[in-house]
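Notes to accompany the following structure.
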Amino acid sequence: LGLKPNSRAWKLVSPEKSKVNLRRLHSCRRTRDSILDLVLGEKEGAARAALLSQIEACPGCSEHYRSLSGTLSNFDDAIAATSPDEDYWQAFDTRLQNRIVAASPSRKLNVADIKRALRSKVRIPVPLAAGLTITFMAAIIGLATRPRPVKIVEIRVPGEPTERIVEVPVIQEKVVTRKVFVEKKATETVATPVVPAADRNPRMMVASAAENGGSITRANLEGFQPANDMRIRVIRRNDGGEK
Amino acid sequence: LIAGARLVLNISEDELIKRAKGGDAEAFCQLATAYGRRVHLLALHFCRDAHDAEDLSQEVWLKAFRAIHTFRGESSFYTWLRRVLVNTFLNHRRGHRLRLVVPSQADGNNGFDALEMADRFLASKKSDLEQMTDAKLMMERVMNALQELTPQQRLMFLLKHREGLTYVEIADAIGCSIGTVKKSIFRTLLKLRTGLGIEAEQPSLEARVAGEK
């Protein structure tokens, strides 16, 4: 068994002392607890050999060990007998590969990917995370409440007349009005002062004559000064004619 | 099956993992080809139903594909994959009764029938009719005994007996104490023993011990 002479395991399994030692040291309860480890391959080397010796010396433990080993043996036989054959495996490999290719992340982004992205383990210190969050929120609020600049856009409709301001010279006319008092009783007398013929306004004289029934009336035109120049105002119509 | 032996194109596993992390589905398919059968066998033993097992194993691979970026290379790829597997198995829909006969090729899925497979296996052994009948009866008993286990008991037992994990590794994978794992596996073994009705017709202890020595 490869045990060192006079070692504890050797003493247990040595032909001279084994029977006496085993009868004295054996505990079925302890041994049966270890039998499970033995049949499942947890015991190796000297411990395995010592346990097998104890099992051999005890009929009850021996039966227990035999039944457990037989159970595993039958289980393995059943598993081997019901395993699929090669035809099944080839078809299985094809189906598995097709399934993996169909579920490739490059083809679709599923919910699990989103959850994984949200649960990614990026470790950020709490103060830094809080600062970043506050900054981010402030930026969003600032952008939302910022007044938008008003931009005037001139819209021109084709065919509509445009309006523009053009400077033109304006002639300011001064209108002078005078009240003329005429004495009705003095129709036969000559009005004084006498206005020189050159200064008489024929138009005014005609008007006065018409008002007095064709007779010439003397009028008081004291201080009246006719305009030295005469201006003509021409009003041009849109159709090109003159008025 | 030897894990990783079926990697094709002489590309190392590390390179495939690196590509898969970059979203290369083809590289991940090669990883799935290397370990897919091992995962699927475990799923088959866990579910004992071909359709459920296929759903389960595919779910494991899809979850692994989505989570491949979390693999840091601190353990082997299969160790990491096993964690995904354990979580997926335990979260798999409950209440599914184990079935011995599953839909076969009639549904066009190239499925398999566990008992039919067992018949073929026994026939290949060239045993006589009595031996075949006994063996088939034993297989049915194994299936029924597995059905009596809770999913967690079944998974712990499979991880220990089929995957060869230690108690510590199982406790770490499932998230419980080592004592809980030991008790659970021991109870599972006792249930299986009761279900199989094993008492006689077993090799003698001397013969077994002699064989182990």
**Q.** Residue list for the stretch A:61-75, filter: at the interface with chain B (Cβ under 9 Å from one of its Cβ atoms) and touching a residue at least 12 places away in the same chain (Cβ under 8 Å)
**A.** A:65, A:68, A:69, A:72
Q.
Residues that are within 30 Å of residue B:69 (Cβ to Cβ), within 21 Å of the chain's Cα centre (by Cα) and at pLDDT below 70: does the stretch A:118-128 have at least one?
A. yes
Q.
I'd like to know if the stretch A:42-60 contains one or more residues that are on the phi > 0 side of the Ramachandran plot and either more than 7 Å from chain B (Cβ to nearest Cβ) or modelled with pLDDT of 85 or more (or both).
A. yes
**Q.** Matching option when the condition is modelled with pLDDT of 75 or more and more than 60 Å from the chain's Cα centre (by Cα), among A:179, A:184
**A.** A:179
Q) Among the residues of the stretch A:76-92, is there at least one that is within 18 Å of residue B:59 (Cβ to Cβ) and either free of Cβ contacts under 8 Å to residues at least 60 places away in the same chain or assigned to a helix (DSSP H, G or I) (or both)? A) yes
Q: Give the residue, chosen from A:140, A:152, A:114, A:100, that is under 31 Å from the mean Cα position of the chain (by Cα), at pLDDT 70 or above and surrounded by 10 or more Cβ atoms within 10 Å (Cβ to Cβ).
A: A:140
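Among the listed residues B:59, B:26, which satisfies the condition of being modelled with pLDDT under 90, in a helix (DSSP H, G or I) and within 12 Å of chain A (Cβ to nearest Cβ)? If you could, list the steps in order and put the result at the bottom.
Values: B:59 fails: modelled with pLDDT under 90.
Only one candidate qualifies: B:26.
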Q: Quick one: count up the residues across the stretch B:33-49 that are under 16 Å from residue B:12 (Cβ atoms) and either without any contact (Cβ under 8 Å) to a residue 40 or more places away in the chain or at the interface with chain A (Cβ under 9 Å from one of its Cβ atoms) (or both).
A: 2
Q: Please list, ordered by first then second residue, the pairs with beta carbon atoms under 6 Å, 6 or more apart or interchain, first in the stretch B:137-152 and within 22 Å of residue B:171 (Cβ to Cβ) and in contact (Cβ under 8 Å) with a residue 24 or more places away in the chain, second among the polar types (S, T, N, Q) and crowded, with 16+ Cβ neighbours inside 10 Å.
A: B:149/B:188
Q) Of the residues B:204, B:177, B:184, which single one is of a type in the set (Gly, Ala, Ser), modelled with pLDDT of 85 or more and within 18 Å of residue A:72 (Cα to Cα)? A) B:184
**Q.** the stretch B:57-79, subset touching a helix residue (DSSP H, G or I) at 6+ places or on another chain (Cβ under 7 Å) and basic (Lys, Arg), residue nearest to residue B:164 (Cα to Cα)
**A.** B:63
Q. Does the stretch A:81-97 hold any residues that are within 28 Å of residue B:140 (Cβ to Cβ), surrounded by 12 or more Cβ atoms within 10 Å (Cβ to Cβ) and either out of contact with any Leu (no Cβ under 8 Å at 6 or more places or on another chain) or more than 7 Å from chain B (Cβ to nearest Cβ) (or both), and which are they?
A. A:88, A:89, A:91, A:92
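The values are calculated or read from the model by the stated rules, or taken from the named source; none is laboratory data. If you're wondering where the values come from, they're calculated on a predicted model, not measured in any experiment. Quick reminder, even Gly has a Cβ in these numbers, built from the backbone with ideal geometry, and neighbours come from all protein chains shown.
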